[in-house]
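Remarks on the structure that follows.
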Amino acid sequence: MPTPVVLVAGLHAAARTATVEQLLAEHPGSLAVHHDLRQVTHGRVRRGVRDRTGLLDTAEVHLAHGCVTCTVREDLLPQLVALAPGATLLIVDLWDSVEPRSVAEAIDCDEARETLRLAAVLTALDAAALPDDITRGERLREVGRPAAAGDQRYLAEVLARQLEYPTALVLHGGDADDRELSRTVLAHLAPLTPVHTVAALPPITGTHVCAGELAERVDPATAQLPADRQTGEVTTVVWHRLRPLHPGRLFDVMDELVTTTVRSRGRFWLANRHERMLAWDAVAGVASAEDAGPWLATLSEAAWDLISPIRRAVAALDWNPIIGDRVQHLVFTGPGIDRDRICGLLDSCLIGRGDSLPGAVAWARYDDPFTPVLNLKERA
């Protein structure tokens, strides 16, 4: 029977370590594997294996290419497969800035399925640090926590990925006020993900967690986006419309939309890109727009058979007999958000009566300042 594997992610090392140690204590016979990536930019990684009593083994791993992907492929997976027969549970203690999705997808693969079973993905969070860290605009290299040479990601960007993807979140540290504020923030950013403490971790049942289903929770076309919500000073605003956006007008207001909110994401429709869904992603003042593939309305009936059931279900919820699944669905979260201002700015960008006659041919002639952004969609 495959050995269950739990991933523990998190920028906050003390919270992550406390979570791993609690898992080791609760599961006799469990082993934890950790890769220290402080020297990964030089092609060197320090790997450690420990149980509830302490460190059992350590080794320096030399990689052909210094990155997380090759660390997982060349060392983590072989280690997990080798350790599986002698362990009741395997715990992967991820380095600070590693996002859990790529590791989860590597473990939940056909080649390893007879030996390893992904059982949970946890992100450990410092209750005192979380509310501030999600607003920080520094790059990882500026705070000494890159996961690869040339890592251009931002600290808050990584934190957002870590808390929106997992099966459960774990709070550690801080006082009562810190924990209350962190729970409020998490209720807005990841409202469907259960929040635990280190002293009361979720049970590890060994049930298989499908990495594909986890991905569908955060991918733009199928993301489970937060709903309108007001909790104290923290507000989440949902903007949902059925008209296309003028590319130039949207580009002109993006800076205000991004800098007056902490986190925003969703899918949107530009008039001049009539066939393509676009993904909006912004955190701590840093925004990106990416091509997320075709709207289902543009596909042939035969192509629908290749689309996942959840994607078809999400499209059906937004389906309109004229425009199909094309939609504006953006969500903004932050303290003291002016709801009317956000919605007013976005509404002013919609195609209206003063614009070209409706239709993809006319709309395609609009100048599009998003072109260089969308052509540079690859990120570190």
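The values are calculated or read from the model by the stated rules, or taken from the named source; none is laboratory data. As the structure is a prediction and not an experimental result, all values here were calculated from the model. For neighbour counting, all protein chains shown are included, and Cβ atoms are generated from backbone atoms with ideal geometry for every residue, glycine included. Quick note on the areas: whole protein, heavy atoms, side chains included, nothing else; ligands and nucleic acids left out. Shrake-Rupley method; radii C 1.70, N 1.55, O 1.52, S 1.80 Å.
Observations, loosely collected:
- Contour minus Cα-Cα distance for Asp255 and Glu233 (0.36 nm per residue): 5.7 nm
- Here is how the number arises for the chain: DSSP H runs of 4 or more residues each give -39500 (n - 2.57), the sum is divided by the residue count, and the result at 222 nm is -8000 deg cm²/dmol.
- Each DSSP beta bridge with both residues in the chain is either parallel or antiparallel, and the antiparallel ones are about 65%.
- Here the contact order of the chain, divided by its residue count and restricted to Cα pairs under 8 Å and six or more residues apart, works out to 16 percent.
- Of all DSSP-defined beta bridges confined to region 167-285, some 70% are antiparallel rather than parallel.
- Rounded percent of accessible protein surface that carbon and sulfur make up, region 19-102, 1.4 Å probe: 51 percent
- Carbon/sulfur fraction of accessible area - region 275-347, other protein chains in place, 1.4 Å, %: 55 percent
- Carbon and sulfur %, accessible surface of region 120-169 computed with the full protein complex present, 1.4 Å: 43 percent
- Whole-number D in µm²/s for region 46-176 (Stokes-Einstein; Kirkwood sum over Cα pairs; 4 °C, 1.567 mPa s): 79 µm²/s
- Rg over Rh for region 3-90 works out to 0.96, using Cα positions for both radii and the Kirkwood form for Rh.
- Chain lengthening between His62 and Asp175 when straightened (0.36 nm per residue, less Cα-Cα): 36.5 nm
- Order by protection proxy (mean Cβ within 10 Å, highest first), peptides 117-124, 161-168, 99-106: 117-124, 161-168, 99-106
- Separation of region 68-89 and region 93-172, taken as the distance between their Cα centroids, equals 18 angstrom.
- Counted over region 1-143, the DSSP beta bridges are approximately 45% antiparallel.
- Note on region 197-259 and region 263-341: Cα centroid distance 12 Å, given to the nearest whole angstrom.
- Here the peptides 134-140, 195-201 are ranked by packing, the mean other Cβ count within 10 Å, and the order with the highest first is 134-140, 195-201.
- Hull volume in cubic angstrom per residue (convex hull over the Cα atoms of the chain): 146 Å³
- The residues of region 173-278 have, on average, 45 Å² of accessible surface per residue, using a 1.4 Å probe with all protein chains present.
- For the peptides 314-327, 145-158, 261-274, residues were scored by their other Cβ atoms within 10 Å and the scores averaged per peptide; the highest-first order is 261-274, 145-158, 314-327.
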